[in-house]
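Novice: Here it is: the structure, laid out below.
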Amino acid sequence: MPSVFIKTYGCQMNERDSETVAAQLVAKGYTLAPSEKTADVILLNTCSVRDFAEKKAIGKMQNLAADVRKNRPDVVLGFMGCMAQSRGRELIDKLPDVDLVLGTQKFHRAAECLDEIISGAREKIVDVAEEENSEAAIREHLLNGSAKTSVSAFVSIMQGCNQRCTFCIVPFTRGGERSRTIPDIVAECRDLVSRGVKEITLLGQIVTSYGKKEKRDAWSMKRETGGASRITHDASPNSPFVQLLDAVHEIDGLDRIRFTSPHPKGYGDDLIDAYARLPKLVESAHLPVQSGSDRVLKLMHRGYTREKFLGIVKKLRRAKPGIGITTDIIVGFPGETETDFEETLSLAREVEFDNAYIFKYSQRRDTPAAEMPDQVPQKIREERNQRLLELVNGIAARKYDAFIGRQVQILVEGPSKKNAARNTGRTRCNRIVLFDGSARHQGQLMDVKITRTGSFTLYGDPAILNL
Ligand code: SAM
């Protein structure tokens with residue numbers, strides 16, 4: 001059987017999609033090639049969120065065509081994922097060496113498409129159509145792929161996004177929101193736990209919108225269904241996402257639950273309360289704020305104000321003292337003035353984020369922001385990016401230093417990638433901790449005393465605490 005190499009660009013959802021495709025191909029008898037140099041099939045799983053990511057994937061494919069394809073003409077080359085979805089056939093027109101273009105609702109069709117291409121039944125395949133229930137097709141895991149992944153796993157709970165932020169291409173690449181059912185998700189989580197997984201991260205474009213569309217659909221068809229959605233089964237006052245958290249929390253043997261990425265709008269009192277009452281839901285929240293200026297937030301169509309955002313942070317910190325709060329921020333959104341940007345700086349100072357992913361605004365086709373007036377010059381985007389980065393890193397470093405001398409609980413993931421004599425683990429608030437330890441600690445919850453810090457890393461000593 002052929003060997004396959006998948007290179008992934010972009011977010012955790014893309015990583016998860018690649019893992020599923022790899023696991024499905026392994027189940028069909030494919031082997032996983034250690035690099036593109038020896039693979040019979042090379043798939044690039046692409047990202048579209050920023051122009052830079054698209055350019056990188058196209059550049060990579062050009063190199064593969066010029067290099068690998070020239071020496072091994074039978075190698076199958078394919079694009080899958082977000083850019084494949086948004087560009088479709090255009091990719092083959094631009095890069096005639098490409099054999100396969102597979103959209104975001106077609107990952108589970110990878111094996112059959114490759115069979116057809118390899119057997120010669122079809123020369124080229126472009127499949128970017130919508131497919132009902134494709135959200136439930138991302139479920140296979142490669143737990144034996146690496147020691148780390150057998151302790152912690154990602155579970156995709158939904159696909160698509162209905163938020164329509166004016167900067168974002170995701171609704172065009174992933175389609176509208178579609179959620180899996182709670183029993184289906186819980187069954188996948190139970191299976192993972194039975195195979196040694198201790199920590200599950202629930203994954204979606206906007207996880208806090210989980211099941212909302214299905215709930216609305218059920219209400220609008222109330223006469224036929226009695227208001228029952230296929231996602232949730234009771235008249236609980238809690239959102240479908242909190243109902244899902246409750247269901248996953250009941251799984252014996254599971255130690256920790258995380259989720260990403262949510263939307264600030266989704267932090268209702270039921271979710272804040274879930275942090276306080278569910279011990280497995282760890283003290284960590286990713287709250288993508290995007291801007292500290294109300295004017296820009298409105299232009300972005302985010303649906304909350306700075307004050308509302310600060311209120312959520314306050315409530316979360318009250319419910320879970322010590323909670324780690326991270327964010328996403330876009331600098332240089334069209335029309336962002338120096339005053340708007342300073343409001344973002346002041347918000348970052350006020351919240352003291354534990355970390356922030358800062359993005360220079362990138363014009364995306366078909367999005368409303370791409371057509372907005374007052375596009376910010378690239379030089380200013382870069383300068384604001386630098387100023388915000390310095391501020392965020394300075395605050396984060398101080399917060400890391402405050403851990404020295406403290407005792408924290410970590411879940412041990414396994415040997416560190418850089419130094420196999422060291423183990424790596426994560427605190428409940430999602431900080432990486434390195435410590436000297438052996439393989440027998442993998443998968444254990446351990447108490448560690450923090451002795452020093454590095455860049456976004458804590459160094460711990462378990463010796464005294466775990467005799
Ligand atoms: N759940 C998230 C939210 O609430 O918006 C969405 C995740 S999004 C795919 C990941 C991040 O990419 C966004 O939070 C945003 O900061 C960034 N992003 C999206 N579109 C962008 C664009 N056109 N330019 C720069 N950054 C962008």
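No value in this document is a laboratory result; all are computed from the given coordinates. Since the structure is predicted, the reported quantities are computational estimates derived from the model, not experimental observations. Counting neighbours? That spans all protein chains shown, and the Cβs are built from the backbone with ideal geometry, glycine included.
Novice: So for the pair GLU15, THR337, with labels modelled 7 Å out along Cα→Cβ, what separation do we get in nm?
Specialist: Here the answer is 4.0 nm between the modelled labels.
Novice: Counting only other residues whose beta carbon sits under 9 Å from that of GLN85, what net charge do I get with K and R as +1, D and E as -1?
Specialist: +3
Novice: Given the DSSP H assignment, sum -39500 (n - 2.57) over each helix run of at least 4 residues in the chain and divide by its residue total; what's the result at 222 nm in deg cm²/dmol, nearest 500?
Specialist: -10500 deg cm²/dmol
Novice: Placing +1 on the Cβ of each Lys and Arg and -1 on the Cβ of each Asp and Glu in the chain, which of THR38, VAL376, THR451 has its Cα farthest towards the positive end of the resulting dipole?
Specialist: Of the candidates, THR451 comes out farthest on the positive side.
Novice: Okay, moving on. Counting other beta carbons within 10 Å of each residue's own, what order do MET446, MET61 fall into, fewest first? Intermediate results must be reported in sequence, preceding the final value.
Specialist: On the way: MET446 19, MET61 23.
Starting with the residue having the fewest Cβ neighbours, the order is MET446, MET61.
Novice: At a threshold of 8 angstrom on Cα-Cα distance, excluding pairs fewer than six apart, so keeping six or more, what relative contact order does the chain reach in percent?
Specialist: On the way: 906 pairs, mean separation 46.6, N = 467.
RCO, the chain: 10 percent.
Novice: Could you calculate the contour length gain from GLU123 to ALA397, that is, 0.36 nm times the residue separation minus the distance between their Cα atoms, to one decimal place in nm?
Specialist: On the way: separation 274, 0.36 × 274 = 98.64 nm, distance 5.35 nm.
Residue separation times 0.36 nm, minus the Cα-Cα distance, leaves 93.3 nm.
Novice: Given a cut-off of 16 Å, what percent of all Cα-Cα pairs of region 97-158 lie beyond it? Present the calculation step by step, with values, prior to reporting the outcome.
Specialist: Values: 1087 of 1891 pairs.
Result for the distance tail: 57 percent.
Novice: Out of all Cα-Cα pairs in region 317-399, roughly what percent, to the nearest whole number, are more than 20 Å apart?
Specialist: Summing the P(r) of region 317-399 above 20 Å gives 39 percent of all pairs.
Novice: Cut-off under 16 Å on the C-alpha distance; same-chain residues fewer than 8 positions from LYS7 excluded. Which lysines are left, in chain and number order?
Specialist: LYS37, LYS55, LYS56, LYS60
Novice: Report the gain in length on full extension from MET372 to LYS56: 0.36 nm times residue separation, minus Cα-Cα distance, nm rounded to one decimal. Can you show the working numbers first?
Specialist: Details: separation 316, 0.36 × 316 = 113.76 nm, distance 2.58 nm.
Contour length minus the Cα-Cα distance gives 111.2 nm.
Novice: Return the Rg/Rh ratio of region 134-217 with Cα-based radii and a Kirkwood Rh.
Specialist: 1.03
Novice: Same structure again: In Å³ and rounded to a whole number, note down the convex hull volume per residue for the Cα atoms of the chain.
Specialist: Working: hull volume 74.5 nm³, N = 467.
For the chain, the hull spanned by Cα atoms encloses 159 Å³ per residue.
Novice: LYS212: which lysines have alpha carbons under 25 Å from its alpha carbon, excluding same-chain residues fewer than 8 sequence positions away?
Specialist: The reachable lysines, counting only those whose Cα sits under 25 Å from LYS212, are LYS106, LYS222, LYS265, LYS280, LYS298, LYS308, LYS315.
Novice: Counting Lys +1, Arg +1, Asp -1, Glu -1, what net charge surrounds ARG256 among other residues with beta carbon under 10 Å of its beta carbon?
Specialist: +3
Novice: Here is a follow-up. Give me the distance in nm between label points sitting 7 Å out from Cα along the Cα-to-Cβ direction at ASN162 and ARG406, one decimal.
Specialist: Distance between label points: 3.9 nm.
Novice: A further question follows. Say each of ASP269 and ASP93 gets a label point 7 Å from the Cα, pointing the same way as Cα to Cβ; how far apart are those two points in nm?
Specialist: 5.5 nm
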